[in-house]
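Taking it in order: structure first as structure tokens, then the write-up.
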Amino acid sequence: MTNRVRYRCWYCNREYDSPIEKIRQIFKCSCGRQLRVPRKKNGSSKYLSLRERVIEFVAYGVSGALLFGLLGYFLFFRFGGIGIRPGRVIGILDFSLMMGLICGLGGERVVNWIGRILRERENQRW
């Protein structure tokens, strides 16, 4: 077992090699971005400050809420609300918006996770 961790900067792709004692420590790359030494080889070195996390949540959360809201709106009216009472329309749209906000909590990680699932399914077809 090796006592070093090899990884790359998430922004400029510069390679680093750190001792395992430095796992989870934060430092600056030569490109100026902050990195966190990952726990495993080739792990993510991305580090976001609280401000950057809030910005990411707003960007992904709001866009996710809009996307899911539009999807809910489209599906409801596309299928004419089959078997759904008029008072339930708001519940369906609220659910869609909340799903988008929940996805926004995970930010880029959730978007990448969904993309990975879609790519794996597409690869299984071929």
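Laid out as a table, the results:
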{"quantity": "Interchain or long-range residues, amide H under 5 Å from residue 16's placed H", "calculated": "7, 8, 9"}
{"quantity": "Chain lengthening between residue 31 and residue 6 when straightened (0.36 nm per residue, less Cα-Cα)", "calculated": "7.2 nm"}
{"quantity": "Ranked 95, 68, criterion: other C-beta atoms within 10 Å, fewest first", "calculated": "95, 68"}
{"quantity": "Potential lengthening between residue 53 and residue 70 on full extension [0.36 nm per residue; Cα-Cα distance subtracted]", "calculated": "3.6 nm"}
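Only the coordinates and a few stated rules stand behind these numbers; no lab work does. Everything numeric in this text was worked out from a predicted model, so none of it was measured. Quick reminder, even Gly has a Cβ in these numbers, built from the backbone with ideal geometry, and neighbours come from all protein chains shown.
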